[in-house]
Structures are given as C-alpha cells and as structure tokens.
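The next block holds one structure in the form of structure tokens; read it before the comments.
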Amino acid sequence: MRFFINSILWVLLFGFFVLLDSCKKDDNNTIIIQGKITDANQNIAVANAEVTFWASRIQSGTYNPNYMALATVTTDASGNYNLQITKAKDAGFRITIEKPKYFGQTIDISVENLPAGTHSLNYSIYPEAYFKLNVKNTSFIDNTDFISYWFNNTQPTGLNCCNNIPINYTGQTYSNTIKCRTFGGQNMIVKWIVKKDNVSTPHESSVYCVPFDTTVFDLNY
C-alpha cells in the first residue's frame, strides 16, 4: 500500500516539474507590450484606438514577406493598451494604430529589438482636419494677372490629403476652391505670389486648423 502511494506521489511530482518547465518555456517565448497612445498635437490620451501587432514569419523553411495579425486590442479611456504574443520563427514585427478621424500609423520593429519579455512602447497619432482654400482674383487689371500659391509646411500622405505642389494661373478672371485633408491642431502655412502690372508681391499666412473640423481661408488678390 505504501509503495502504491509513493508511486502516485512520484507521478504527481514528475507532472508538476514537467508543467513548471513548460511554463518557463512559454515565458521565454512571450512578448508583452504595454504602452499609451496620445494625440500628437493636443497632448491628450486617445481612447478606443485599435492597436494591432503583426509578424512576418519563416514557414516550412521559407520566408513569408506577408505580415499576419497576431493580436489586436483597443486602448482604454486613458489611452493605455496591453498586447501579448508568442514568438515563433519571426522575421519582422509591425505595429499599426488606427482610429477614425486620426491619421493611422505603422511602426516596423526588427526582431532583435523586441526580444521576449515586457516592453513599454508609447506612440502618438495625428488628428485630422480639413482645410478649404478659396482663391479669387477680386482686383483684376488685365489678362497678364498672375498668381502662384502653395502650402509650405509638411503635409500627410494619403487619399484627399493636401500637398505642396504650387498652382499657377495667368488671367484676368480666376476663382478656385481646394478642400483637402491635413493635420489638425497645427497651423497651415499658405504662401502665394501675385504679379500684376509687372510687379510681383509675395504673401504668407499662417492659419490654425481645428481638429476634426473644416477651416476656411479666403485668398483674395
């Protein structure tokens, strides 16, 4: 009877050590990422932002360049998030941050810079705004009237975004409207040169873009 009980105890003890060793192996392959997402221009926490962790992996001995989503979480009311993934034969990591009315962000991270363990990674995303520019020749002289205008500060890239390409026009009657997407919470720098009666005059204006709204600027020349 005593031999039987001892045998059971040894089996249970062996199972415990196997389980403990398995847990240690899992810990050695686990990446935990904690951080906070904030508004880049308003310096406030961004709640309900979607944070996704991606990885490209070596599968069956072949490198797969396509990134696969491993985990997705949503930031809390304070902008905090917590991700946990298990390492494999990874070739590269990527974190994406998305939220409506914000410009998304993609961060590529090398495998060497994100070993198993706990990491603190904080990021900021930019709020969007729309800028509406109305341009009109209201003091025309003749058909040689000329204007060149452009945005002079860094602009985002993407659909319907503002750009820095100058627009030129020669003529007596001119009216044009541009509405484009830009960074909210910062100033739009508008520059233009007007030439009338062979006299060129440079101009510049700085216009604050209200986040999540449309800011209108009338350029009459």
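General remarks:
- Subset of the stretch 60-93 (residues that are surrounded by 12 or more Cβ atoms within 10 Å (Cβ to Cβ) and out of contact with any strand residue (DSSP E or B) (no Cβ under 8 Å at 6 or more places or on another chain)): Asp76
- Residue within the stretch 47-57 that is modelled with pLDDT under 95 and either of a type in the set (D, E, K, R) or outside the structural domain of Thr118 (by TED's automatic domain parsing) (or both) present: yes
- Extreme residue, surrounded by the fewest Cβ atoms within 10 Å (Cβ to Cβ), among residues of the stretch 100-157 that are of a type in the set (Asp, Glu) and under 30 Å from Thr75 (Cα atoms): Glu112
- Pairs with Cβ under 6 Å, 6+ apart, first in the stretch 193-221 and among the aromatic types (Phe, Trp, Tyr), second in a strand (DSSP E or B): Tyr208/Asn187; Phe217/Leu133; Phe217/Val207; Tyr221/Ile147; Tyr221/Val194
- Residue count for the stretch 183-221, restricted to those that are more than 30 Å from Gly104 (Cβ to Cβ), β-branched (Val, Ile, Thr) and surrounded by 13 or more Cβ atoms within 10 Å (Cβ to Cβ): 2
- When residues in the stretch 86-109 are screened for being in contact (Cβ under 8 Å) with a residue 12 or more places away in the chain and over 21 Å from Ser60 (Cα atoms), 15 of them pass.
The values are calculated or read from the model by the stated rules, or taken from the named source; none is laboratory data. Quantities reported herein were computed from a predicted structural model and do not represent experimental measurements. As a convention, Cβ positions derive from the backbone with ideal geometry for all residues, glycine included, and neighbour counts pool all protein chains shown.
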